[in-house]
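Take a look at the structure set out below.
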Amino acid sequence: MPNYVMVIDLHRCTGCGACIIGCKNENNTPEGVFWAHHVYETTGTFPDVKYTYMPTLCNHCDNAPCIDVCPVDPKALFKVEGGMTLHSVEKCIGCRVCENACPYGVIYFNEEEPHGFWRDTSVLIEGVTASPQEVVERVGGTVIPYYNPDRETTYEGIRPANKVEKCTFCDHRLVYGLQPYCNEVCPSGARFLGDLDDPNSDVSRLLDQYPYKRPQEELGTEPRVYYIREYNPKPK
Amino acid sequence: MSQKEELGKGIKRRTFLKISGAAVAVAALAGGCAPEEPEEPVEVDPDEEVERVEPVPLAEGSWLPSGCAGCTSWCAKEVYVVDGRAIKVRANARSMVHRGGSCPRSHMALQQVYDPDRVKVPMKRTNPNKGRNEDPGFVPITWDEAAETIAEKLMELREANETHKFLLMRGRYTQLNQILYGRMPAILGSPNNISHSSICAEAEKFGPMYTEGYWNYRDYDIEKTKYVLVWGCDPISSNRQVSHYLNAWGDLLDRAEVAVVDPRLSATASKANEWLPVKPGEDAALALALAHVILAEDLWSREFVGDFQDGTNRFVAGQTVEEDTFNEAHTLGVVKWWNMELKDRTPEWAEEVTSIRAEQIKRVATRLGENAPNVIVWLGGGPAMQVRGGYAAMAVHALNGLLGSVDNEGGSIRGASIPHASVPSSGDFIDEISAEGAGKQKIDQRGYKEFPAMASGNPGSGVVTNRVADGILDEDPYDIKVAFAYWNNFNFSCPEPDRWNQAMAKVPFFVHSVTHASEMTRFADIVLPSTHHGFEQWGYLGQKGNGYTHCWLARPIIDRVWDCKNPETEVVWLIAEKLADRGFSKLLDFCKAITDPETGAEPQNGMEFSEYAIKHRLQPIWDPNAYVSGDRFDGWEDFKASGVWNSDKYQYKTLWDDFGTVSGKFEFYSETLKKALETHAGNHNASVDEILETCKYLARGEYAFIPHYEEPYLWGEVEEYPLVLVDYKSRLNREGRSANCSWYYEIKDIDPGDDKWEDVAKINPADARELGIEDGDRVQLSSPVGQIECKIKLWEGVPPGTISKTFGQGHWAYGRLAAQDFAQAAARGANNNDILPADYERLSGSSAFYAVTRVKIEKV
């Protein structure tokens, strides 16, 4: 079974956000929920100032604090072959302990019924524009008109209120040998997911070629997301 | 090929088994819900074959070719369609321009096409009063009623012999616009087909036009370049070919060096080796100092520019040079330029003016020279779209001339032409009334003494988009009685938009063809719901990048969400039919003259007209018997399936012997500009000096014909308005049209310095301390022409003395997210155009967006 890790090449990353939007598109995530996200920082003072950017997502830690703290039995967060940390909506009791335990802030809680926007029945101009719900009724889709049915093959297509949700490394795509959608939509070729046990995989090759960092490695969580190179090119 | 079919090709299918402690449990993923817990975990040997259950198949759909006109990158796309629904967008990787790259904003097309706030049926106004605060009282009508009313109004113009009082305004478009924009006004008898182009970046074209005779945007050969100096644009964010540059940037940084000139820390500046934060409006000073160093330090291209007869460099600061000591090769006037302008433009002089350290200027000039000719000086709109930006655009682009990088490997190159056929000319469909009307002065005042608008070297041939509002208000040259506009929103996108509110309130009958009820729509008498270009209609666009030009085809690939029509074709057909019913059949005759190239059939309805028109225009691409160049196709169906044509690869140095300028050379002394200015002056019995004065330029005499320094023309005195406004475009803008998409706001912080769900103006913390402003304060920003209210963000990426804000928000119409309160016409965020004066780079006709005004800040 592959030993999946993700490698993000910050030198190639252009900070464009396509991964974030792509993830929302693929996973039907509601407003304010970001399975793929970013951190950024501006340092220094003008004119010696630097803007640095880093895409983020669930690190699918081998020593996952979220699994450790999940109080239900069997746990709602669990590891699967390949190394991903997945989540069961069915078992989740919405206690949010995992959300607090995650040092990376990548677990999200749905306080309300998701996609309230698309459930709205109001119209702007009576008779000539539609309500969001009318669009969905006309176009099809589930709750949202551009709903992606692929997501529901391994996880709820849209996760309900009072449950957490998180990145799955697009396990529903991986089973078909497809890259996670964040990687596929990255226009800069900065993201790779592959088998660390395969010496010929992109990820193995990149981790051989470049020094890497993992987020807050000192915590001992053993993240499966590796970052290589720097976002900011050096002055020449 | 469907996704499922693609998946079936040599891909090993797997399921993921749940791991319980160290053991591996045999639990296949079940369909439709979370993984099922096995009743009893079974330990298995990892090496042992275990029975696996096939996973649930992904949705069966098709990737269908299309294209994106969300910005001027004009990328080829594919849309994933499942059961008639579009659910994903990606690049059409057959394009050689951007290959597999697809920018972040491309995905937002999904939120546009399924936006609930789209206009779903034709509607008419019931409130005769027009104004921002007047509810139009729109009520639905049929297409038939809409077309009847429009035809009636057009016939009234004909009957009164005033067909010129018809105005057609085009915003974004596809190349089928040749029908609605290119032919319909002329056939109806109006000169007024007005494009948006001069609120885009016409002044940028001024630089290459009056140096190398090229009125166009350039391609830049980044695959072969060694050094890139990006100037006043943000290629990985908002400038042209964004998907291509996003795709290529990492490799570029591995291979070459990148420096960025910009008065703010742009996305591209953060991905560059160095940043030159030039003082707004002082771009020409920096360019001239770089040119000075390139000449004084022996760094120019001998091959392209030539050399001194004896090989001794006489370009010494402060000293003039005898012209006959230099043998010029493919350029004209390098010594004249040095003597008149460059000899005194030292880096030390420029440091005072630009705030860029002399040492940095020297370093960048040296790196350019060392890497020449495989270098790019990448001219963007920033230095050009200023009141006095024409000569700055020339100065920046002229560096490519000095470095020999024009039309050269790794340098500034051009694109190929798309081999498309024209629709029949309007000439055969014009009667006396139309001919007389179409011959009148255009409403945008192009060609007036103060608006030379010299596109392609011809005075009065360029558009002055934003001047149309004044033309309407002042009835100069005449009043407008019937206006038709599509895919535009000048009441939002032009500086000083309130002029447009007044102007459109004054037009007695206005038809707007749009997807959304925008600011401009508020003034419409009839609103026609438009198809979305990427999903619901025929259309095509071509663009250059990566050494190629591509041309993509869009076609209806989903069921139209509402009762919409394509304004460029179907609406023309509908109006043509109604005009014919009233005895004026010329427009319908024209439409019927565009037949199916395969069968010769005449179109019988608007949909057939659309398809025949596009087949006609693209016949040289898809028809093997009409083949011209680039990719080959077996026929229409073959091209439709591919969705994109690519030109042959760019060939270098084909222009060096004749650039198409007046002298045939790359002109540092612009004979081409001299001819254009003298023609314009002659048209007005004036001198060139008088023209320059009228156009707010300071240069006199021979300086009019060389790239030279001009102090920036800024509105507002520094004592009252301490900060210079730096306007720029969000990387999420689909021009002004993504402001009703939730993804726009959800990740608005993707623009360096910006915040989610906010519209911030950014100032340097040092200025904030001096002005007593704190991070997060609500403030009013005022310029001499208007005020806006927004939130202040303190950010070190903004130089002291400036205030930086993205354009894109501030809609008071357009939809429930775009506006704070659509019914009350209350804006979300603030529109930069409200504080930008309606001023111009008049030689090109371009609106000035940059270094054009100072502003003051007051807490509210």
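Bear in mind these aren't lab numbers, they're just calculated from the coordinates by the rules spelled out. Computed from a predicted model, the values in this text were never measured in an experiment. Because the Cβ atoms are built from the backbone with ideal geometry, glycine has one as well, and the counts that use them run over all protein chains shown.
Using just the helices of chain B, give the 222 nm mean residue ellipticity in deg cm²/dmol: DSSP H runs with n ≥ 4 each add -39,500 (n - 2.57), and the total is spread over all residues, rounded to 500.
Rounded to the nearest 500, the figure is -7500 deg cm²/dmol.
FRET efficiency for the pair B:Lys506 and B:Ala593, taken as 1/(1 + (r/R0)^6) with r the Cβ-Cβ distance and R0 = 35 Å, rounds to 0.45. With neighbour counts taken as other beta-carbon atoms within 10 Å, the residues B:Leu188, B:Leu299, B:Leu698 rank, fewest first, as B:Leu698, B:Leu299, B:Leu188. Per q in 0.16, 0.20, 0.26 Å⁻¹, report the Debye log10 I(q)/I(0) for segment B:749-799, using one uniform scatterer on each alpha carbon and no solvent. Log10 I(q)/I(0), no solvent term: -0.46, -0.70, -1.05.
Distances over 42 Å make up what percent of all Cα-Cα pairs in chain B? Don't jump to the answer; show the numbers that get you there.
On the way: 130613 of 369370 pairs.
Of all Cα-Cα pairs in chain B, 35 percent lie more than 42 Å apart.
Across segment A:78-191 the C-alpha pair distances fall into 5 Å bins from zero in the proportions 2, 10, 15, 18, 18, 15, 11, 6, 3, 1, 0 percent.
The translational diffusion coefficient of segment B:173-323, from Stokes-Einstein at 10 °C and 1.306 mPa s with a Kirkwood hydrodynamic radius over alpha carbon pairs, comes to 83 µm²/s. Using the rule -39500 (n - 2.57) for each DSSP H run of four or more residues, divided by the residues of chain A, the 222 nm mean residue ellipticity is -5000 deg cm²/dmol. Each residue of segment B:587-661 gets 136 Å³ once the volume of the Cα convex hull is shared out per residue. What the Cα atoms of segment B:376-420 give is an Rg and a Dmax of 12.5, 36 Å.
When chain B is described by a simple charge dipole with +1 on each Lys and Arg Cβ and -1 on each Asp and Glu Cβ, the residue from B:Val423, B:Gly808, B:Gly381 located farthest towards its positive end is B:Val423.
Quick one: which of B:807-819, A:205-217 comes out on top by average Cβ neighbours within 10 Å, and what's the full order, highest first? Could the numbers behind the result be given before it?
Details: B:807-819: 24.4, A:205-217: 14.1.
The packing order, highest mean first, is B:807-819, A:205-217.
Rg over Rh for segment B:152-222 works out to 1.16, both radii taken from alpha-carbon positions and Rh defined as the Kirkwood radius. The three principal axes of the C-alpha atoms in segment B:439-480 carry coordinate ranges of 29, 21, 15 Å, sorted with the longest axis first. Here the convex hull built on the C-alpha positions of segment B:64-135 has a volume of 135 cubic angstrom per residue. One way to sum up the overall shape of segment A:1-115 is the equivalent ellipsoid from its Cα gyration tensor, whose semi-axes run 29, 17, 15 Å, largest first. FRET efficiency for the pair B:Asp251 and A:Ala161, taken as 1/(1 + (r/R0)^6) with r the Cβ-Cβ distance and R0 = 45 Å, rounds to 0.50.
Approximating the spin labels as points 7 Å out from Cα along Cα→Cβ, the B:Val718-to-B:Ala421 distance works out to 6.2 nm.
The alpha carbon radius of gyration of segment B:332-476, expressed as a multiple of 2.2 N^0.38 Å, is 1.49.
Quick check on segment B:633-743: what does the Kirkwood estimate of hydrodynamic radius come out to from the alpha carbon pairs, in Å? After inverting the mean inverse Cα-Cα distance, the result is 20.0 Å. Each listed q (0.14, 0.21 Å⁻¹) maps to a log10 I(q)/I(0) for segment B:705-818, found by the Debye formula over equal Cα scatterers with no solvent: -0.64, -1.19. In this simple spin-label approximation, B:Lys653 and A:Asp208 carry label points 7 Å from Cα along the Cα→Cβ vector, and these lie 4.1 nm apart.
On alpha carbon coordinates alone, what is the Rg over Rh value for segment B:420-528, Rh being the Kirkwood radius? When Rh is taken as the Kirkwood radius, the ratio is 1.00.
One chain, two ends: B:Asn127 and B:Leu698. Fully extended at 0.36 nm per residue, the span grows by 200.7 nm beyond their Cα-Cα distance.
Taking each residue in A:161-172, count the Cβ atoms of any other chain within 10 Å of its Cβ, then average. What number comes out? Display every interim value, and only then the final one.
Working: counts 0, 0, 0, 0, 0, 0, 0, 1, 1, 0, 6, 5.
Partner-chain Cβ atoms within 10 Å, mean over residues of A:161-172: 1.
Taking 0.36 nm per residue of separation and subtracting the current Cα-Cα distance, fully stretching the chain between B:Glu450 and B:Arg582 would add 43.4 nm.
When the charge dipole of segment B:587-683 is built from unit charges on Cβ atoms (+1 for Lys and Arg, -1 for Asp and Glu) and taken about the Cα centre, the candidate among B:Leu673, B:Gly635, B:Pro620 whose Cα reaches farthest toward its positive end is B:Leu673.
Taking 0.36 nm per residue of sequence separation and removing the Cα-Cα distance, the B:Ala641/B:Ala626 pair yields an extension gain of 3.5 nm. Computed from phi, the 3J(HN,Hα) profile of segment B:163-172 under the Karplus parametrisation 6.51, -1.76, 1.60 (θ = phi - 60°) reads 5, 5, 7, 8, 10, 10, 10, 10, x, 5 Hz, with x in place of Gly and Pro.
How large is the convex hull of the C-alpha atoms of segment B:757-860 per residue, in Å³? Walk me through the intermediate numbers first.
On the way: hull volume 11.8 nm³, N = 104.
Convex hull of Cα atoms, per residue: 113 Å³.
Here the alpha carbons of chain A define both size measures, Rg and Dmax, at 19.3, 62 Å. Note on chain A: GNM, Cα springs under 10 Å; of A:Val33, A:Val128, A:Val225, the largest mean-square fluctuation is that of A:Val128. Both radii are taken from the alpha-carbon atoms of the protein assembly as shown; with Rh as the Kirkwood radius, Rg/Rh is 0.97. Over the C-alpha trace of segment A:19-72, radius of gyration and Dmax come out as 16.1, 53 angstrom. Note on B:108-114: average number of Cβ atoms from other chains within 10 Å of each residue's Cβ is 4.
Please work out the FRET efficiency for the pair B:Leu473 and B:Glu323, using the Cβ-Cβ distance as r and a Förster radius of 56 Å; give the result to the nearest 0.05. Show your work: numbers first, answer last.
Numbers: r = 50 Å, r/R0 = 0.90.
The formula returns an efficiency of 0.65 here.
The C-alpha radius of gyration of segment B:502-607, expressed as a fraction of 2.2 N^0.38 Å, stands at 1.31.
Taking 25 Å as the limit for the C-alpha separation, the pairs A:Lys166/B:Lys88; B:Lys205/B:Lys565; B:Lys226/B:Lys762; A:Lys75/B:Lys756 exceed it in the case of B:Lys205/B:Lys565; B:Lys226/B:Lys762; A:Lys75/B:Lys756.
Peptide A:127-140 shows a mean partner chain C-beta count of 6 within 10 Å per residue C-beta.
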